[in-house]
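The values are calculated or read from the model by the stated rules, or taken from the named source; none is laboratory data. As the structure is a prediction and not an experimental result, all values here were calculated from the model. Heads up, the Cβs are rebuilt from the backbone with ideal geometry, glycines too, and the neighbour counts pull from every protein chain shown. Calculation scope for accessible area: heavy atoms of the full protein, side chains included, ligands and nucleic acids excluded. Shrake-Rupley method; radii C 1.70, N 1.55, O 1.52, S 1.80 Å.
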Amino acid sequence: MAPTTATTTTESSSPARAAVSEARRVFDSGDTRPLAARARRLRALRALIIENEAAIEAALWSDLHKGSGEAQLTEIGVTLAEIDHTLRHLRRWARSRRGPLPLALLPGRARLVPEPLGVVLVIAPWNYPVQLLLDPLAGVLAAGNTAVLKPSELAPATSALVARLVPRYFPDGAVRVVEGGVPETTELLAQRFDHIVFTGSGTVGRVVMRAAAEHLTPVTLELGGKSPVWFDDDAHLRQAARRIAWAKFTNAGQTCIAPDYVMTTPDRVPALVDALKKAVADLWGADPRTGDDYGRIVNERQFDRLVGLLEGTEVVVGGDHARAERYIAPSVVLVPSSGEGSPAVGPDAAHPVLRDEIFGPVLPIVPVASAEEAVRVVNGWDKPLALYVFSSSARTRRLFEQRTSSGAVVHGAGLIHAAATGLPFGGVGASGIGAYHGVHSWRAFSHLKPVLRKPLTPDTLRLAQPPFTDGPALRLVQRMMRRG
Ligand code: NAD
């Protein structure tokens with residue numbers, strides 16, 4: 001392993017280099033290792049959030065028109081829950097454990113000792129700019145690392161606020177912030193880190209992984225994709241539609257685990273459309289534009305892309321939009337068959353709404369013949385980050401659990417697994433590498449180091465050293481090694 005010496009000050013010409021150098025200096029000082037220091041920094045992170053709740057809410061409103069209720073639930077509350085959970089369990093996770101040794105290595109002792117990795121880079125997207133920056137940070141600090149944070153330049157108010165607050169709550173430089181876009185991130189990625197946590201698109205995820213490979217830096221990649229829904233539950237139509245609408249249109253659909261498209265049988269489409277229409281009105285009122293609870297699209301580029309997705313569809317709910325305020329109503333669409341023999345939904349679908357990640361308030365309903373057919377659709381392309389199943393049939397639920405692969409499966413709801421602190425959160429295949437939250441963050445950002453101690457007497461290792469003479473002693477050692 002390369003030595004963890006501080007970068008020389010002459011190299012610290014850019015903010016990126018200076019930040020990494022400073023974070024490495026603090027790590028090398030050993031000050032982040034004691035449990036008490038880790039807990040102190042977690043409490044500092046907690047204080048940063050609690051003492052600045054109003055400023056955080058204001059920044060989220062400015063960046064995404066995120067109302068107070070949603071901000072509290074999906075950004076502030078969920079991050080505080082992660083910090084508190086970590087503080088509660090830190091001592092237990094940090095304990096070294098006895099490790100097993102084969103008979104042939106006795107007498108001796110082995111322990112498994114968790115150790116911090118070093119300096120961790122956290123790169124966040126704009127859609128949950130507080131949660132997706134500070135939630136991984138809790139795990140990074142708990143494991144005894146220092147951190148460099150790169151907030152998204154597309155959520156500028158949140159980015160500026162975090163950059164202003166972090167030095168106040170981490171005056172020793174254990175957490176540093178580097179603001180900026182592609183040039184600054186590229187400069188950061190050229191530095192050597194001990195781990196990189198990236199949340200964002202698969203395209204940039206590939207850029208990050210390539211840069212990490214230069215330094216053999218391990219990565220956690222939290223990516224996106226199209227998360228499908230299977231709906232066949234007429235019995236709970238209203239309830240299911242309400243949950244689908246909530247999961248989809250929260251944060252105006254700009255959620256990595258938002259339902260991307262709903263598959264159901266053709267006979268259920270009209271009832272589902274009606275129920276979704278009612279659910280949207282119940283949740284955000286007859287005109288969501290006038291309320292404080294419905295978000296806006298992050299910028300004009302994304303707005304234009306999403307409005308473009310409505311073209312060539314039959315809009316059955318919503319569809320209205322206003323560019324001046326980047327508003328797009330919660331919209332449900334049907335996509336007429338292209339009649340060219342191309343599949344309805346999948347990587348080769350004719351319409352982009354059925355091909356690319358939507359990441360906005362447009363929800364296509366895709367009629368498929370059966371649950372088995374829906375399983376074939378899911379398996380026909382990238383493994384999704386989440387899969388949602390609304391079915392009162394245990395057989396159908398099992399079918400999706402056992403015959404598809406995804407970051408998570410949730411029956412009867414959407415989004416909620418992201419709030420379960422004890423469960424690993426992450427993707428599989430194209431939807432991500434690695435997972436975090438709670439103890440899984442601890443595992444991701446620590447190294448479990450085996451430490452062995454072998455007494456010099458009696459000298460049992462003599463039996464494993466040459467010259468080897470075939471005899472009962474050697475055969476005994478071989479037998480003991482095989483038994484483990
Ligand atoms: P993005 O990949 O465009 O940007 C993410 C971060 O990477 C930003 O901080 C940005 O500054 C940086 N970046 C952008 N281009 C770069 C480049 N060429 N080189 C280096 N760095 C670069 O993603 P986004 O638009 O902010 O977020 C949307 C995507 O993130 C969606 O695909 C969504 O599904 C995914 N996402 C995943 C999760 C998850 O937990 N798995 C959560 C939220 C969003």
Output for Cβ contacts, cut-off 7 Å, separation at least six or different chains, first residue not assigned by the TED database to the domain that holds Val315 in region 366-394, second within 16 Å of the ligand (Cβ to nearest atom) and among the aliphatic types (A, V, I, L, M), reads none
Just one listed residue, out of Arg462, Arg443, Arg398, Arg475, is away from the ligand (no atom under 16 Å from the Cβ), assigned by the TED database to the domain that holds Val140 and open to solvent by 90 Å² or more (accessible area, probe 1.4 Å), and it is Arg443
Check: Does Arg25 satisfy being assigned by the TED database to the domain that holds Leu141, open to solvent by 20 Å² or more (accessible area, probe 1.4 Å) and under 22 Å from Lys150 (Cβ atoms)?
Finding: yes
Wholly inside region 69-130, strands (runs of 3 or more DSSP E) that include 1 or more residues that are under 30 Å from Thr255 (Cα atoms) and at pLDDT 95 or above are 119-123
If you go through Arg192, Arg210, Arg242, the only one that is more than 8 Å from the ligand (Cβ to nearest atom), outside any helix (DSSP H, G or I) and surrounded by fewer than 22 Cβ atoms within 10 Å (Cβ to Cβ) is Arg192
| message | Looking at the structure I just gave you, is Leu133 touching a residue at least 24 places away in the same chain (Cβ under 8 Å), within 15 Å of the ligand (Cβ to nearest atom), closer than 23 Å to Ser431 by Cα and surrounded by 24 or more Cβ atoms within 10 Å (Cβ to Cβ)? | response | yes
Those residues of region 409-421 that are open to solvent by less than 40 Å² (accessible area, probe 1.4 Å) and either within 11 Å of the chain's Cα centre (by Cα) or touching a residue at least 40 places away in the same chain (Cβ under 8 Å) (or both) come to a total of 7
Just one listed residue, out of Ala157, Ala138, Ala147, Ala143, is within 23 Å of the chain's Cα centre (by Cα), more than 12 Å from the ligand (Cβ to nearest atom), modelled with pLDDT of 95 or more and surrounded by fewer than 22 Cβ atoms within 10 Å (Cβ to Cβ), and it is Ala157
I'd like to know if region 337-356 contains one or more residues that are surrounded by 23 or more Cβ atoms within 10 Å (Cβ to Cβ) and away from the ligand (no atom under 16 Å from the Cβ). yes
Those residues of region 200-215 that are of a type in the set (Lys, Arg) and touching a Pro at 6+ places or on another chain (Cβ under 7 Å) come to a total of 0
Checking Gly181, Gly225, Gly173 in turn, the sole residue that is near the ligand (Cβ under 9 Å from one of its atoms) and touching a residue at least 60 places away in the same chain (Cβ under 8 Å) turns out to be Gly225
